[in-house]
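Working notes, structure below.
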Amino acid sequence: MLPWRRALRALAAALLVTGAVTLTPAATAAADTPQASTSRGWNDYDCRPSAAHPRPVVLVHGTFGNSVDNWLVLAPYLVKRGYCVYSLDYGQLPGVPFFNGLGPIDKSAEQLDVFVDKVLASTGAKKADLVGHSQGGMMPRHYLKFLGGAAKVNALIGLAPDNHGTTLLGLTKLLPYFPGIEDLLTTKTPSLADQVAGSPFLTKLNEGGDTVPGVRYTVIATKYDEVVTPYRTQFLTGPDVHNVTLQDLCPVALSEHVAIGITDRVAHHEVANALDPAHATPSTCLS
């Protein structure tokens, strides 16, 4: 059996652990309504981008995430700053509610393609900016490279994206703290196999270079990432790439894989800088 297949079960368990902690008592978007409105002011299809922020922002959740819970902090943070903000659900499996991002990643990228077209049509904008967490920071690269997304996207900002997969270092150490987690999973989770380092999906994605012309890339990583390891494999190489380590901005930052995308204000300030580099301000521990 190939090494990545032997590692699949451990990866699935670890990602379920990290994804599960993002779920809150707040209303969760149903799998068949990726555009469902929320009370926080995002997914407002009457929103029109301003001259200051002329591009809508599309938020792309991570594995086991969804369009609401992954963005309860970042979405209103960006709305408050004047952006038109949207989020989608993708990668649903039949009979699996709430936990998304499990289907084949190339098919998830097709869902992103349709969603971006809808947002652009609604707002009248020519291009969008994408912000993704974990798989959501990597999956859009397939859309940009193979589905014509580069013509519709100005910037891709990844929070702890698994751009080159994961070696699974240390993930099995999480399992004793969560008895029964492995029993919740089956082998029918294609995106997990796609995300293991050396998978056919990642090999194809990274052939010929990490980036495509015309798109700005930002990667924001934490050295305490326990899911995408080693954390530096998240970084991209190519023109118009800005790789950031959270601890270079705030040495005492302790956020790991989940927190950097869900709650970390320093990381979110750096997202705002990447969306509007002309008006960027230093990201510090007080951001």
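The table that follows gives values for the structure above.
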| read-out | value |
| --- | --- |
| Qualifying positions in the stretch 177-209 - crowded, with 18+ Cβ neighbours inside 10 Å, in contact with a Leu (Cβ under 8 Å, 6 or more places away or on another chain) and either modelled with pLDDT of 90 or more or not in a loop (DSSP other than H, G, I, E, B) (or both) | 190, 191, 192, 193, 194, 195, 196 |
| Among residues of the stretch 71-97, those that are buried (at least 24 other Cβ atoms within 10 Å of the Cβ), charged (D, E, K, R) and part of a helix (DSSP H, G or I), counted | 0 |
| Failed condition for residue 221, given (1) at negative phi; (2) open to solvent by 70 Å² or more (accessible area, probe 1.4 Å) | (2) |
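The rows are residues; the columns are (1) at pLDDT below 85; (2) on the phi < 0 side of the Ramachandran plot; (3) part of a strand (DSSP E or B); (4) surrounded by fewer than 24 Cβ atoms within 10 Å (Cβ to Cβ).
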position: 28; (1), (2), (3), (4): yes, yes, no, yes
position: 31; (1), (2), (3), (4): yes, yes, no, yes
position: 48; (1), (2), (3), (4): no, yes, no, yes
position: 63; (1), (2), (3), (4): no, yes, no, no
position: 67; (1), (2), (3), (4): no, yes, no, no
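The values are calculated or read from the model by the stated rules, or taken from the named source; none is laboratory data. Keep in mind the model is a prediction, meaning the values are calculated, not measured. Note: ideal-geometry Cβ built from the backbone for every residue, glycine included; neighbour counts use all protein chains shown. Side chains included, ligands, DNA and RNA excluded: accessible areas come from the protein's heavy atoms. Shrake-Rupley method; radii C 1.70, N 1.55, O 1.52, S 1.80 Å.
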